[in-house]
Amino acid sequence: MTQLIEDYAMIGDTETAALVGRDGSIDWLCLPRFDSGSCFASLLGESNHGRWQVTADDEVTSHVRRYQGKSMVLETEISTATGVVQVVDFMPPRHHHPRVVRIVRGVEGAVRMRIDLVMRFEYGYDVPWVRSTDRGVVAIAGPNALVLDSPIELTGLEMRHEGKFTVEAGEEVVFVLAWYRSHEDPPFVLDASRALRETLTFWGDWCAGVLPVHGEWEDLALRSLITLKGLTYAPTGGIVAAATTSLPESLGGVRNWDYRYCWIRDAALTLESLIASGLRGEAESWLTWLGRVAAGDPEQLQIMYGPAGERRLTELEIDWLPGYEGSSPVRIGNAAFGQFQLDVYGHLMDAIDRARSHDIAVDAVIWRIQVAIMRFLADHWSEPDDGIWEVRGPRRLFTHSKVMTWVAFDRAVRGVEVHGLEGPVDEWRVVRDAIHDEVCEKGWNADVGAFTQSYGAVELDASLLMIPIVGFLSAEDERVVRTVDAIQERLMNEGFVLRYANDRGVDGLPGREGMFLPCTLWLVGCLRLMGRLDEATAVFRRVIALVNDVGLISEEYDPVRRRLLGNFPQAFTHVGIVNASRGLTASRTANQD
């Protein structure tokens, strides 16, 4: 039976990540990178598409899981009628080969355990050749190979391997799964105890550099930051949007997308969290990544890239996976990489401005890239685009897109006026003011009493909550207040915000999606800026009530089924939690003073 999205925990080595279910099954793992083909894909299919389960063979009477301290080491305590065991799951910091370590420890009595291993490659399609060795099991198909170091004998054929064993109090049984290229020698046998110590030290040292959010949300914010670190591709500094692909935005629907890539927009918003949290090294790494991907013709700037800056993210539909709870198609790659989205230029310029304002080192070549981008934007800002939500309908003159082009020119002006850089600032001021005037005239609908999704439209859009956040208008401006109130009235359901109503098919797709949690957190920011702290806090509490037992959350929420939806864990939402918790804590402290 498919587990709920919120039933999963994540472990990772900052190059890829695995999802571990409450039932002890690793149902998703791509190797060697976030965006590689999976070796476990039962999350989007059946157990025969790949999984690795370690659990009690008898009936479980209680089940508690947690991360060990400030780390991504998962500890699950399983109780049965005969005893108690702990299963410790983690991925050591990468040296060369990615590994998953599973340590079964006897705590009380004696517990019968079982292991169920189904190894596949390429999203459950490639069935490997499997053979037993003195180490355990080796599986090979094409360029991919896995070796499982196992102290117990596993029986079965290439379809499935199973084993049973008993763990008594004080005993420890260790399993280590490693990926390697099939033309190379298998990796050395790992010292699991040493690897655990090194992993806990790695996360402990990293967390020691985090500036805490003091108060009731300190642990919540730190867990979100650890998750963001876990979604960072360490070799380049790129931050993937999520660890998964094709977890649905509506159960049984077609809104299933691949999120294992780096969106400039999401990463730019992440930068604020990194800087405010004292993570200057991560901020500098991200800026270095940004400089590499933005280099080239500004017209070719993409909204997203692969973890190492890859540009071609061709979208495919794979028909051998039925999808999460039958939500098909399952997509690999993301066609939105070729979309024209004007807002990305604003997010890029804003992120770099934030870095300079906090004395983060910015390579001199970045400004030259920015100036080239502004030359392109000066000629194209007035064009229709695909919009922030990557709609697959016709291009429009989206109001949010125009607001973000204003941001781009405003931050370019700041580059000269505040940071002492050289550029045609008079020209930029003229364009900036022209955009502002146009948005206020054409983006505002007096009959609706709010800024609307696109020029001349009557539909609302939650992206317009960014207007006061980016400084386009003050949070006290009457038009902002009326827009926020209209969004609360017409785009909210049970206290959560919908991105937009799709009654007229604006996004070119059938059906609807869940309530969008990042936008709900933008509402928190707007209400806070408006001084409505009690209201902002109430909205924030509703969002964080959805966080699962180990502090993770996805992109959307279904208020009818009361379930999380969308790819998981979602960086965009965790960024919003960090920023909202920090902002609310600061505002409440200021009010008390």
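The values are calculated or read from the model by the stated rules, or taken from the named source; none is laboratory data. Quick caveat: nothing in here was measured; it's all calculated off a predicted structure. For neighbour counting, all protein chains shown are included, and Cβ atoms are generated from backbone atoms with ideal geometry for every residue, glycine included. Surface areas here come from the heavy atoms of the whole protein model, side chains and all, with no ligands, DNA or RNA. Shrake-Rupley method; radii C 1.70, N 1.55, O 1.52, S 1.80 Å.
Summary table
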quantity	calculated
Residue under evaluation TRP286, criteria (1) open to solvent by less than 10 Å² (accessible area, probe 1.4 Å); (2) part of a loop (DSSP other than H, G, I, E, B), criterion not met	(2)
Selection from the stretch 556-593 of residues that are in a loop (DSSP other than H, G, I, E, B) and among the acidic types (Asp, Glu)	ASP593
Restricting the stretch 35-94 to residues that are among the small types (Gly, Ala, Ser) and part of a helix (DSSP H, G or I), the residue that is least open to solvent (accessible area, probe 1.4 Å)	SER42
All positions within the stretch 208-233 that are among the aliphatic types (A, V, I, L, M), more than 13 Å from the chain's Cα centre (by Cα) and under 22 Å from GLY583 (Cβ atoms)	VAL210, LEU211, VAL213, LEU220, ALA221, LEU222
Strands (runs of 3 or more DSSP E) within the stretch 116-228 that include 1 or more residues open to solvent by less than 20 Å² (accessible area, probe 1.4 Å)	136-141, 144-149, 160-168, 172-181
Whichever residue in the stretch 95-115 is under 27 Å from the mean Cα position of the chain (by Cα) and part of a strand (DSSP E or B) and, among such residues, is surrounded by the most Cβ atoms within 10 Å (Cβ to Cβ)	VAL100
Members of the stretch 392-427 found to be among the β-branched types (Val, Ile, Thr) and either free of Cβ contacts under 8 Å to residues at least 60 places away in the same chain or surrounded by 23 or more Cβ atoms within 10 Å (Cβ to Cβ) (or both), listed by number	THR399, VAL403, THR405, VAL407, VAL413, VAL416, VAL425
Residue satisfying all of: in the stretch 451-466; in contact with a helix residue (DSSP H, G or I) (Cβ under 6 Å, 6 or more places away or on another chain) and in a helix (DSSP H, G or I); nearest to CYS440 (Cα to Cα) among these	LEU464
The one condition in (1) of a type outside the set (Asp, Glu); (2) open to solvent by less than 30 Å² (accessible area, probe 1.4 Å); (3) under 25 Å from VAL362 (Cα atoms); (4) not in a helix (DSSP H, G or I) that LEU473 fails to fulfil	(3)
Answer from ILE275, ILE318, ILE303 - the residue that is of a type in the set (A, V, I, L, M, F, W, C), at pLDDT below 95, open to solvent by less than 40 Å² (accessible area, probe 1.4 Å) and under 26 Å from PRO329 (Cα atoms)	ILE303
Selection within the stretch 234-247 - within 12 Å of the chain's Cα centre (by Cα) and open to solvent by 10 Å² or more (accessible area, probe 1.4 Å)	ILE239
Pairs, first closer than 19 Å to THR573 by Cα in the stretch 485-513, second among the hydroxyl-bearing types (Ser, Thr, Tyr) and at pLDDT below 95, C-beta under 9 Å, six or more apart	LEU491/TYR500; GLU513/SER250
Any hit, the stretch 50-61, residues being free of Cβ contacts under 8 Å to residues at least 60 places away in the same chain and over 25 Å from ARG160 (Cα atoms)	yes
Filtered residue count, the stretch 1-17, keeping only those that are assigned to a loop (DSSP other than H, G, I, E, B) and crowded, with 24+ Cβ neighbours inside 10 Å	2
Selection count where residues are under 18 Å from the mean Cα position of the chain (by Cα) and part of a helix (DSSP H, G or I), scope the stretch 516-537	6
Residue match in the stretch 493-500 (condition: at pLDDT below 95, open to solvent by 30 Å² or more (accessible area, probe 1.4 Å) and not in a loop (DSSP other than H, G, I, E, B))	yes
Verdict on ARG490 being of a type outside the set (S, T, N, Q), at pLDDT 95 or above and surrounded by 17 or more Cβ atoms within 10 Å (Cβ to Cβ)	no
Unmet criterion (only one of (1) crowded, with 20+ Cβ neighbours inside 10 Å; (2) at pLDDT 95 or above; (3) not charged (D, E, K, R)) for ALA336	(2)
Hits in the stretch 455-470 - residues which are within 13 Å of TRP389 (Cβ to Cβ), hydroxyl-bearing (Ser, Thr, Tyr) and open to solvent by 10 Å² or more (accessible area, probe 1.4 Å)	none
Near pairs, Cβ below 7 angstrom, 6+ apart or cross-chain, from the stretch 298-322 (among the β-branched types (Val, Ile, Thr)) to any residue that is assigned to a loop (DSSP other than H, G, I, E, B)	ILE303/GLN339; ILE303/GLN341; THR314/GLY333; ILE318/TYR123
Condition broken by SER224, with the remaining ones in (1) of a type in the set (S, T, N, Q); (2) at pLDDT 95 or above; (3) within 20 Å of LEU31 (Cβ to Cβ) satisfied	(3)
Test set (1) within 22 Å of GLY346 (Cα to Cα); (2) surrounded by fewer than 18 Cβ atoms within 10 Å (Cβ to Cβ) - ILE435 fails condition number	(2)
Residue within the stretch 538-555 that is among the basic types (Lys, Arg), outside any loop (DSSP other than H, G, I, E, B) and open to solvent by 20 Å² or more (accessible area, probe 1.4 Å) present	yes
Any hit, the stretch 248-268, residues being outside any helix (DSSP H, G or I), touching a residue at least 12 places away in the same chain (Cβ under 8 Å), open to solvent by 40 Å² or more (accessible area, probe 1.4 Å) and within 23 Å of LEU29 (Cβ to Cβ)	no
Count - residues of the stretch 403-438 that are under 31 Å from the mean Cα position of the chain (by Cα), within 26 Å of VAL484 (Cβ to Cβ) and among the hydrophobic types (A, V, I, L, M, F, W, C)	6
